[in-house]
Amino acid sequence: MTHDQPTAELAWTPAWDRADGDERARTLFAATFGDAPDGVWSAPGRVNLIGEHTDYNGGLALPIALPHRTYAAVRRRGDDVVRLVSAQEPSGVREVRLADAVPGAVEGWAAYVVGVAWALREAGHDVGGFDVAIDSCVPFGAGLSSSAALEASVAVALDALFAAGLAGDVVDGAATDDAGRSTLAGLCVRAENEMAGAPTGGMDQAASLRARADHALLLDCRDGRVRHVPFDLAAHGLALLVVDTRAPHSHVDGEYAQRRAACERAAGLLGVGTLREVADDPRGSADALERLAAADDGAVLVRRVRHVVDEIARVSAFVERLDAGDVTGVGPVMDASHASLRDDYEVSCRELDVAVDAARAAGALGARMTGGGFGGSAIALVPAGAVEDVASAVAAAFAAADLRAPAFAVAVAAPPAG
């Protein structure tokens, strides 16, 4: 069974029913390792509504968890060996000893899994070997945090099997121990940064572990505090269409790291810890941009900082509209975010721009790229009855531009990992 999705002659990526995902992971585990796992845990991908490239700048972000999840069937072992298999990877079973698991020693997708165990052990938790089988309906490379979903699914599994005491439970779509999950999210970030070599800022892991059903997660990346903001588009006759452009996308590539390095350089030149300090001083931000303009790479730094400062303000504006019940009013905020990401931060691409422009032309109230950029996905806020029409218009625009056909999904705010 799958969650309901529109039916059309388009490529839709439905989320699996939880029981179906559980069974898929169990079946792969039994076929690979024999017998049954100790359990199956899962974690969602995410869509970021607003607040892009703000997390590593100490800013604000507003993601939701997707109903699309990664499922991890796991069995505890009596040694320090980790055996891994994934339905999405053709390489077969991987095997790693935790004693040998250090940054740079594990390659590919296994680094994300073994990295979580390594980070827990580094934090003092007595985590040993395990067998794990992974299956997922989170689109890979689509900017929907497939890596964070992988990390978080393994993290809650290891938390349960090795009694780390961080994840708590999920009751009525919400986590019972947010403080523990904040710590667990930080360990997942460490796994991705240090073991996988990807400079993620932490918003993705927080969304997967700390989200709440029917709510957006207002995340303050300066101190990790969160507020759950009601986000029920159906009640307002709206839907969130996700457009997977199927353009190549990888955070391990250098462009993402270059953006982060530029922000760190700008913060250093301005004498602040993060660019959040600039954003919190609206009157001083203009002066900060003038000071940066004098640097050798000033023109680039000004654009990068201007995006971060304005994007943090856009998160606040987006939440203010949601709090006021003005859901349609977030559309122009989405549009402004995309323009800034395209022109100032320069992380959009042709496919993302075509998707956003076509969605708006077909009646979307607002549209923007989501995720790190350089490919991946766009989102569009559309009337619920116009989902297929907007999707068809985007697909037609891709065909006219001689681009690979996109895939679509409808996003709703789903529960966290558990």
* To do: For the chain, state the semi-axes of the equivalent ellipsoid (square roots of 5 times the eigenvalues of the alpha-carbon gyration tensor), sorted largest first and rounded to whole angstrom.
  => 33, 26, 19
* Can you give the longest stretch of the chain with no exposed loop site, where a site means GluC sites (Glu not before Pro) in a DSSP loop (not H, G, I, E or B) with at most 15 other C-beta atoms within 10 Å? -> 108-418
* Structure fact -> Along principal axes, largest first, the alpha-carbon spread of region 11-231 in whole Å comes out as 44, 38, 31
* Asked: What distance in nm separates the simple spin-label points at E89 and D169, each placed 7 Å from Cα in the Cβ direction?
  -> 3.3
* Structure fact -> Fewest-first ordering of S153, S337, S208 by Cβ atoms within 10 Å yields S337, S153, S208
* Which angle from 0 to 90°, rounded to the nearest 10, does the C-alpha axis of helix 331-343 make with the longest principal axis of the chain? -> 90
* Asked: What ³J(HN,Hα) values, in whole Hz, does the Karplus curve 6.51 cos²θ - 1.76 cosθ + 1.60 give for region 279-296 when θ = phi - 60°, with x put for Gly and Pro?
  -> 5, 6, 10, x, 5, x, 5, 5, 5, 4, 5, 5, 5, 5, 4, 7, 6, 4
* Structure fact -> Of A405, A123, A196, the most mobile residue in a GNM of the chain (C-alpha springs, cutoff 10 Å) is A123
* To do: Measure off 7 Å from each Cα along the Cα-to-Cβ vector at D38 and E264, then give the distance between these two points in nanometres to one decimal.
  => 3.6
* What 222 nm value per residue comes from the helices of the chain, counting each DSSP H run with n ≥ 4 as -39,500 (n - 2.57) and dividing by all residues, nearest 500 deg cm²/dmol? -> -12500 deg cm²/dmol
* **Separation in nanometres of the label points that stand 7 Å from Cα toward Cβ, at E23 and A401** => 4.0
* Asked: Top mean-square fluctuation among G298, G59, G373, Gaussian network model of the chain, C-alpha springs under 10 Å?
  -> G298
* To do: Using the number of other C-beta atoms within 10 angstrom as an exposure proxy, rank R83, R97 with the fewest first.
  => R97, R83
* Please work out how much length the chain gains when fully extended from A299 to T328, using 0.36 nm per residue of separation minus the C-alpha to C-alpha distance, in nm with one decimal. => 7.0 nm
* Asked: Counting alpha carbon pairs within less than 8 Å and at least 6 residues apart, what relative contact order, in whole percent, applies to region 181-254?
  -> 25
* Residue with peak Gaussian network fluctuation, the chain [Cα springs, cutoff 10 Å], from A359, A87, A133 -> A87
* Asked: Which ordering of T274, T370 is given by a fewest-first count of other beta-carbon atoms within 10 Å?
  -> T274, T370
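Read-outs: derived from the displayed coordinates by stated rules, not from any lab. No experiment lies behind these values; they were computed from the predicted model shown. A quick note on method: Cβ atoms are made from the backbone with ideal geometry, for glycine too, and the neighbour counts reach across all protein chains shown.
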